[in-house]
Amino acid sequence: MPATVPQTEAQRADALASAPASVVVEGVSKSFRLPHQQYQTLKERALHPLKSSTYETLPALRDVSFDVRSGEFFGIVGRNGSGKSTLLKCLAGIYDVDPGGGRIGLGGRLSPFIELGVGFNPDLTARDNVTINAIMLGLTRREAHRRFDRIVAFAELEDFVDLKLKNYSSGMAVRLAFSVAIQVDADIILVDEVLAVGDVSFQEKCFEQFRRLKEEGRTVLFVTHDMALVERFCDRAMLLHHGEMLEIGDPATVAERYFALNFDAETGAAPAEAGGQPARVVRAWWEDEAGRRVHRLDHGQACVASVELEFGEHAEDPTVVLRLMNDVGALVFGTSTAGTPTGRFAPGESGTVRVSFDFRLPPGRYALGVTVSDDGDEEAAWERREGLAPITVQGSPRGLPAMPHELEVVHGEPVRTGGRTQ
Ligand SMILES: Nc1ncnc2c1ncn2[C@@H]1O[C@H](COP(=O)(O)OP(=O)(O)O)[C@@H](O)[C@H]1O
Ligand SMILES: [Mg+2]
């Protein structure tokens, strides 16, 4: 087993800098061949005699190079379809890289937890699957039997060990697979999006395991969409986009770039609808007190939430409602221009709504929602959007939001107020 890695941040960084590489990826490309649609009619076949056997090449990874140090906790992020799972599958040897498409070097035994189904046989019981997997991952039969209880207990599936895996819910199967992956003594552990499936208490257990794996000096490649986890656990991270590596480095920088990409995609110009929408959101963003665009704020920091709108028809004092939602989609703050004259907008004209405030809500992830309507009638809204301009608020809250209030202590019986019967 690798030497224990020291745990203060500075010591860890020093130790990792001089640690040998555990995963080396050099110029790796991987493409998939997708057969073209078969040409059905005789005429088409006559016109395109060769087409029925052609295929399209979809590049899933393009010339990706990086290395991961022994003992490093390394994050891999990117939008759906950016090539994260393909990369892990290449590392695990499930896919071959393209001929002449680079080289992969691994300095230790690998334990992949890629996705549901890989490595599990649905027609076998959980007991058999765990044993087979553990043996495949390098344990002896005796070790596998010894670990079995621990694996099953961690997954909280003691009562279901003799059930066939096809009768498991996806959440149960994920727990089992993750449990196998982290309970065997692999040097390099690949983790793909596990935590999205489990419930909160199982996630907490996984986090404990992440801390243990870090302390034990295991090398972990961790695919996730959750930038808070990247910043919490990863020593470094990289960002994939359309199969290319866009960024590699410290987690905060990579998270920032990831948000910027998503931000452009989610809030970039919406496609103009046929016939012209009366109003639409063009983009939404956050600024700090100096007017710089940010994807991250400190708790209590002064900021401006901005939404740019474009009108497709004449609008007279349109009403704009701006909502702030937390990471579970609950409304935590809202404001509206109702009652304030917003002026007249001609077709093609744009305008920006800006809400300035000090961000006094607790640290976490937030996003904006916007409704634009003629007269505040939400039912007949011209435009309604959610999930705009996601932002991370960091820091420890110094007290909860300052809500104007009165505090008193009253002795004796509770005083009745209101609700008096006649
Ligand atoms: N087995 C496959 N056959 C064909 N295309 C695939 C296969 N696996 C993945 N792809 C394609 O490769 C691209 C990258 O996919 P994937 O690695 O799963 O992305 P991610 O895990 O980042 O969401 C996508 O366009 C996906 O459709
Ligand atoms: Mg994936």
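A few comments on the model shown:
- Within region 362-383, none of the residues are among the polar types (S, T, N, Q), over 20 Å from residue 284 (Cα atoms) and assigned by TED's automatic domain parsing to the domain that holds residue 277.
- Residue within region 350-358 that is charged (D, E, K, R) and assigned to a loop (DSSP other than H, G, I, E, B) present: no
- Hey, residue 33 closer than 20 Å to residue 254 by Cα and modelled with pLDDT under 90 or not: no
- Across region 358-378, the number of residues qualifying as surrounded by 14 or more Cβ atoms within 10 Å (Cβ to Cβ) and more than 18 Å from residue 314 (Cβ to Cβ) comes to 13.
- Meets criteria (assigned by TED's automatic domain parsing to the domain that holds residue 202, modelled with pLDDT under 90 and within 25 Å of residue 204 (Cα to Cα)) for residue 153: no
- On the stretch given as region 84-99, residues that are among the β-branched types (Val, Ile, Thr) and near ligand 2 (Cβ under 9 Å from one of its atoms) total 1.
- Residues (free of Cβ contacts under 8 Å to residues at least 12 places away in the same chain and not aliphatic (A, V, I, L, M)) located in region 340-396: 340, 377, 379
- Consider region 227-271 and keep the residues that are within 22 Å of residue 285 (Cβ to Cβ) and among the charged types (D, E, K, R). The one that is modelled with the highest pLDDT is 247.
- Residue check, residue 223 within 16 Å of ligand 2 (Cβ to nearest atom) and in contact with a helix residue (DSSP H, G or I) (Cβ under 8 Å, 6 or more places away or on another chain): yes
- For region 211-228, the set of residues classified as more than 16 Å from ligand 1 (Cβ to nearest atom) and part of a helix (DSSP H, G or I) consists of 211, 212, 213, 214, 215, 228, listed by residue number.
- Cβ-Cβ under 8 Å pairs, at least 6 apart or on other chains, region 199-215 side closer than 22 Å to residue 236 by Cβ, far side among the hydroxyl-bearing types (Ser, Thr, Tyr) and surrounded by 11 or more Cβ atoms within 10 Å (Cβ to Cβ): 215/4
The values are calculated or read from the model by the stated rules, or taken from the named source; none is laboratory data. Model, not experiment: these values are computed from the prediction. Glycine gets a Cβ as well: all are built from the backbone with ideal geometry, and neighbour counts include every protein chain shown.
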